[in-house]
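Structure record follows, encoded as structure tokens.
The values are calculated or read from the model by the stated rules, or taken from the named source; none is laboratory data. All of these numbers come straight from a predicted model, not from anything done at the bench. Cβ atoms come from the backbone with ideal geometry, glycine included; neighbour counts cover every protein chain shown. SASA here: full protein model, heavy atoms, side chains in, ligands and nucleic acids out. Shrake-Rupley method; radii C 1.70, N 1.55, O 1.52, S 1.80 Å.
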Amino acid sequence: MNKKRAKQAYAAALLLMPGIGASAQDNIVFILADDMGYCDLACFGNKYIETPNIDRLAATGTTFRQCYAGSGISSPSRCSLMTGRNTGNTTIRDNFCKAGGIEGKKGQNTIRRMHLLPTDTTIATVLSAAGYRTCLVNKWHLDGFNPEATPLNRGFDEFYGWLISTPYSNDPYYYPFWRFDNHQLVNIKDNEHDAHVRHNTDISTEDAIAFINRSHKSKQPFFLYLAYDAPHEPYIIDETTWYDDKDWDINTKRYAALITHMDKAIGRVINELDKLGIRENTLVIFASDNGAAKQAPLAELGCKGTLKGIKGQLYEGGIRVPFIVNQPNKVPVQDLRNIIYFPDVMPTLAAVAGAQKHLPHNINGINILPLLYGKEMDTDNRLLYWEFPGKQRAARRGDWKAVSVKAGAPLELYNISKDMEEKNNLANQYPEMVAEFDREMKEQHHPTPNWPLEGE
């Protein structure tokens, strides 16, 4: 082989190596809804709420029907997502902690919150090490009351959104006047004096599209974590035109409108990827951080279908969430019943980036990339675990789930494959199985100074 041909072959080989050359690594867009119920999407059976863009992602990609969030509420669920660890093993296990953390205010009440630590490895840390440009748009919720625990301190190159540690940085909710632009807190002038001009979903979408364009021009692979507020309460949106003809109360119309408005925004992001010609080398994932809240129009719109429980509970209605994956000519059209959960996201995205060597050793998730690419894989014969320390705990293996939603209450046992609604408690019929679940669940719990339990 002559020198010219040898150089060409070497260059081609480099492009095929993970982490070398932009074309060798797919871009990643992870979109997260906030407090959206399992059945809020038309593609998950909703008969009232219009979600054509998300439905199109499902119809042309892979839909997981048995995906579980990291927890039943925001902070621990997002911590699980970002770190690949379950809530028996994460730094943040509830929105408020019992000890440690940092003290602050929620309304008139003094509370404590825990924050993500510098020693916590995030998805952004892993992907940055593999050469990705990383960006979080909108909601972090892992800083607690610590202003030094921002996304920019935990692996992200760019951040546009709001922080708990600066309580007015998303005030007023949905039409904010204050918002972070990386380290700087800036004003949204159009929303001055409580004006409802620029909705936060639109602001977030514009920030996301701007980041995509910058990354594309730099020819650097990117990871965009687009964490919308919708449809978290309070349900504030002025545009309800999709539902103005419905005989619903205003709360119901606004809840539905928040989801449809978000769906429209997601369509804008997808269109931008198409326009730039990078749709086929961009993996797009959509999910919700937990189930629908008690304030949602659960009965009117069927937000949780027939599932038992809501946000804040470890029943199915609190933790089962939609999970949709789309990438033309790479992710096939399939409807899967494989059991997956948020800790699986970190190792899977690391595999997309060829960054497995950067993963920490203490994760609980597994790499499910073969499933995304149409291969068969057993994800069900392992233990999935959740806890609110000292209050609730749950685990699932295969068809079976053990759960307790009250401190000290005995475990309930359900065959989820036959009883997704958790109506028929079989604990008395299978005491040996309950005892085995209890033993394994205790092994999954690692003591934490922020949620100390008696005897630890």
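Going residue by residue through region 381-393, is there one that turns out to be surrounded by 18 or more Cβ atoms within 10 Å (Cβ to Cβ) and touching a His at 6+ places or on another chain (Cβ under 7 Å)? Among the residues of region 381-393, at least one is surrounded by 18 or more Cβ atoms within 10 Å (Cβ to Cβ) and touching a His at 6+ places or on another chain (Cβ under 7 Å), which makes the answer yes. Filtering region 203-225 to residues that are of a type in the set (A, V, I, L, M) and either touching a Ser or Thr at 6+ places or on another chain (Cβ under 6 Å) or more than 14 Å from LEU273 (Cα to Cα) (or both) leaves only ILE203.
For region 55-76, a residue qualifies if it is in a helix (DSSP H, G or I) and either touching a strand residue (DSSP E or B) at 6+ places or on another chain (Cβ under 9 Å) or of a type in the set (D, E, K, R) (or both), and the qualifying residues are ASP55, ARG56, LEU57, ALA58, SER74, SER75, PRO76.
Quick grid of which residues meet (1) acidic (Asp, Glu); (2) more than 24 Å from ASN200 (Cβ to Cβ):
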| residue | (1), (2) |
| --- | --- |
| ILE250 | no, no |
| ALA256 | no, no |
| THR260 | no, no |
| ASP263 | yes, no |
| ASN281 | no, yes |
| THR306 | no, yes |
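One residue stands out among those in region 369-380 that are part of a loop (DSSP other than H, G, I, E, B) and touching a strand residue (DSSP E or B) at 6+ places or on another chain (Cβ under 6 Å): the one that is least open to solvent (accessible area, probe 1.4 Å), which is THR379. Remark: GLY365 matches the filter, which requires a residue to be touching a Pro at 6+ places or on another chain (Cβ under 6 Å), crowded, with 18+ Cβ neighbours inside 10 Å and not in a strand (DSSP E or B). All of (1) at pLDDT 95 or above; (2) part of a loop (DSSP other than H, G, I, E, B); (3) under 25 Å from PHE156 (Cβ atoms) hold for VAL29 with one exception: (2). Considering region 155-185, and only residues there that are assigned to a loop (DSSP other than H, G, I, E, B) and under 22 Å from ILE111 (Cβ atoms), the residue that is modelled with the lowest pLDDT turns out to be ASP171. Scan region 220-237 and tell me whether some residue there is open to solvent by 60 Å² or more (accessible area, probe 1.4 Å), at pLDDT 95 or above, not small (Gly, Ala, Ser) and not in a loop (DSSP other than H, G, I, E, B). Looking for residues that are open to solvent by 60 Å² or more (accessible area, probe 1.4 Å), at pLDDT 95 or above, not small (Gly, Ala, Ser) and not in a loop (DSSP other than H, G, I, E, B), one finds none in region 220-237, hence no. One residue alone among GLY390, GLY408, GLY398 is modelled with pLDDT under 95 and out of contact with any Pro (no Cβ under 8 Å at 6 or more places or on another chain), and that residue is GLY408. Comparison of ARG78, ARG133, ARG85, ARG93 shows that the only residue that is open to solvent by 10 Å² or more (accessible area, probe 1.4 Å), more than 22 Å from ILE209 (Cα to Cα) and basic (Lys, Arg) is ARG85.
Here's the yes/no breakdown for (1) free of Cβ contacts under 8 Å to residues at least 12 places away in the same chain; (2) open to solvent by less than 20 Å² (accessible area, probe 1.4 Å); (3) over 28 Å from THR252 (Cα atoms); (4) basic (Lys, Arg):
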| position | (1), (2), (3), (4) |
| --- | --- |
| ALA293 | no, yes, no, no |
| GLY302 | no, no, no, no |
| THR306 | no, no, no, no |
| GLN313 | no, no, no, no |
| PHE323 | no, yes, no, no |
| ILE339 | no, yes, yes, no |
| LEU359 | no, no, yes, no |
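Hey, could you check region 405-428 for residues that are in contact (Cβ under 8 Å) with a residue 40 or more places away in the chain and over 18 Å from ALA69 (Cβ atoms) and say which is surrounded by the fewest Cβ atoms within 10 Å (Cβ to Cβ)? Among them, the one singled out is LYS423. Pairs meeting the criteria (first residue in region 181-207 and over 18 Å from ASP229 (Cα atoms) and without any contact (Cβ under 8 Å) to a residue 12 or more places away in the chain, second residue open to solvent by 60 Å² or more (accessible area, probe 1.4 Å) and not aliphatic (A, V, I, L, M), beta carbons under 9 Å, at least 6 apart or on different chains) are VAL186/TRP178; ASN187/TRP178; ASP190/ARG198.
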